[in-house]
1. Between the range 173-211 and the range 432-510, how many Å separate their Cα centres?
2. Does the range 211-275 come out rounded, prolate or oblate, given a ≥ b ≥ c as the square roots of the eigenvalues of its C-alpha gyration tensor, rounded meaning a/c under 1.5 and, failing that, prolate meaning a/b above b/c?
3. Report the calculated FRET efficiency for Lys656 and Lys525 (r = Cβ-Cβ distance, R0 = 30 Å), to the nearest 0.05.
4. For the Cα atoms of the chain, what angle does the longest principal axis make with the long axis of helix 363-375, in degrees from 0 to 90, nearest 10?
5. Once each part is reduced to its C-alpha centroid, what is the distance from the range 343-403 to the range 524-564 in angstrom?
6. At a Förster distance of 51 Å, what's the computed FRET efficiency of Ile405 paired with Lys645, Cβ-Cβ distance as r, to 0.05?
7. Quick one: length gained pulling Val80 to Glu309 fully straight, 0.36 nm per residue minus the C-alpha distance?
8. Within the range 267-285, what residues put their amide N at less than 17 Å from the label point 7 Å along the Cα-to-Cβ vector of His433?
Amino acid sequence: MYNTNVNKPITIKHMNISLRNSLAALLLITVSTGALAEQNKVASPDGRLVVNVEDRDGRLYYDVCYDGKQMMQPSQLGVVANIGDFSQKLVFRSVSNHEMKDDYSLRNAKASTIHYRANQMSVVYENEKKLPMTVTFNVSDNDVAFRYEFGEMNERTHIIIDEEKTAFRLPSHTTTFLSPQSDPMIGWMRSKPSYEEEYTPDAPMTAKSKYGKGYTFPCLFHVGQEGWVLVSETGTHGNYPGCRLSDYNAEEGYRLEFPMEGECDGRGAKNAAFPIPGATPWRTITIGSTLKPIVETTVSFDVVKPMYEASEQYKPGRYVWSWLIWQDNSANYDDQKQMIDLAATMGYEYVLVDGLWDQQTGRERIAELSRYAQQKGVSLMLWYNSNGTANEAPQTPRNCMNTVIARKKEMKWMKSIGVKGIKVDFFGGDKQHVMQLYEDILSDANDYGIQVIFHGCTLPRGWERMFPNYVSSEAVLASENTFFQEHHAKQEGFELTMHPFCRNTVAAMDWGGTIMNRYMSRDNKSRHRRYTSDVFEMAAAIVNQASIQCIAMYPNNLSELPQHEISFLRDVPTQWDETRFIDGYPGKYVVLARRHGDKWYVAALNGTNKPLSLNLSLPMLAGSEVSYYYETADKKSFWPKSAVKKTKVGKDGKMKITMQPMGGSIVCE
Ligand code: CA
């Protein structure tokens, strides 16, 4: 992953053309302000986003302006490593600039054809021991990505980084949309941290995080009138631990933190090590005056490269999943056969058989079920425990994914019976050896034609592009909580209108299902209700992005749901060529347009408890005849009544939609 993106150096000729075209006059200007301070700037191709890097008293800082407004105040850079301290007594050595250009395709993210254009600036600083560190910034129109690079040094073969000084200091009036990092080894069977905490919207930066352990990526910030900032990281695999942000302090801002000592039951180093020449993962900052660049960013994928070739053409699709509502006792042959029949009826590609299948069905009968499924055009995906020794999660099969010998044996067997995917659950935190386990599982699975979903896990960091058989990760307080507790059922509107702006914009998210049961029980009468409307759930299948998406339908839904809902759910795509932000506010409502082939799907979710009318601007559908799925309040029922009608979008692209409380609407061609 080192130095893979460098294209041609910018020549003087290029610079002249750039300047003549009045592209960013600030681009590449190096200003010397004396022996003690060096200042270097780089601007985006459109000139609106500018990163300034400067040293003060031997320490290195960067700041970021958008349209001349400071969105990131001077924030520290640098690392402390075994071979030396690269955070102080730094002396400027050189700067170089490149134009970055990468046209690439993706099959499992929010867009399929991406044209990445950025200006790159690398500044080299020497530490007290005269050892160089390069900080490379890639600046595209709305994204900054930066990392530390270390070249050959004396006889050193590798570097061990014990601490990063990397900081993010936002303007003081900024409010935050953050999810706290949990304490290690708490929660169910001591399985946290697993990125399953509640977001707090619009909080002041000075509010303390729930556990005092800072926040998990991605982190969304509202910088008042100036706009929005999303901070995350990408390109992490076995080369580095997964990082997070500290709690805020006014002097430093948020600091980048390594995992907690106690993760993985205290086992394994929390620091980072990689061979040199080499580089850290990229830290990313997405900036916009509106939420559009936040929702549409592809920076997680722009600055990484595939780590291997796909061993086959992996298929996107939909899956049904008995466990969500039928729970632990449903991993048996008869229940799974019903789910296969349901998937076949719906035209779905996959059935996910959750934990305990080895005990309740057994390997021989799983092979029999897999054959039965394949006759009906459906493929099985099987659940595995990632453990190992990371936590006490007891579900089986265990000890099949944590060592290479067991894993390859298991995958060889899966391939022999036609299993096409795995879901691996209950990982042990973000230490580097755990990131290596994710990478190893993905790489081995590719050798056997198996796609991978992770649960109880970390945030994926660029993995859609890096690992072609990667599908999605949970890393969210997902639909299982809607089932477990009424509190979370009530929060579903908030959650699903939060994630398009944050968790799901940087990476695929396995929410674990559009739920069509109205009560969280197998009989669909008992326990607590679902608080969202049917069209909300249907639209969520478009708003939530994962290339293999769970549609958590049950056989009873076939006779309960109106025909237009079943038809929609039968045809809903999961692979997107383009994504556009139409309207919304994190945690309140969202309207996205996604294109599949030549068809646009506009999906709207109302996360509030009040009706919501919106005048949408849909230029991609101007003058088109569309199907409009909408809802009207039903006096006899808690849930509104859904309907679909043909209508025409105005020639100006304008269309008015109305959503019920915790309702939704869909406009599609
Ligand atoms: Ca979970």
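Read the figures in this text as sums done on the coordinates, not as results from a lab. The structure presented is a predicted model; accordingly, all values stated were derived computationally and were not measured. Note that we place each Cβ from the backbone using ideal geometry, even for glycine, and neighbour counts take in every protein chain shown.
1. Taking the Cα centre of the range 432-510 as reference, the centre of the range 173-211 is 17 Å away.
2. Prolate, because a/c is 1.5 or more and a/b exceeds b/c.
3. Given R0 = 30 Å and the Cβ-Cβ separation, E is 0.25.
4. 80
5. Each part's Cα centre sits 23 Å from the other's.
6. With R0 = 51 Å, the Cβ-Cβ based efficiency is 0.30.
7. 78.9 nm
8. Counting backbone N atoms under 17 Å from the label point, the list is 267-274.
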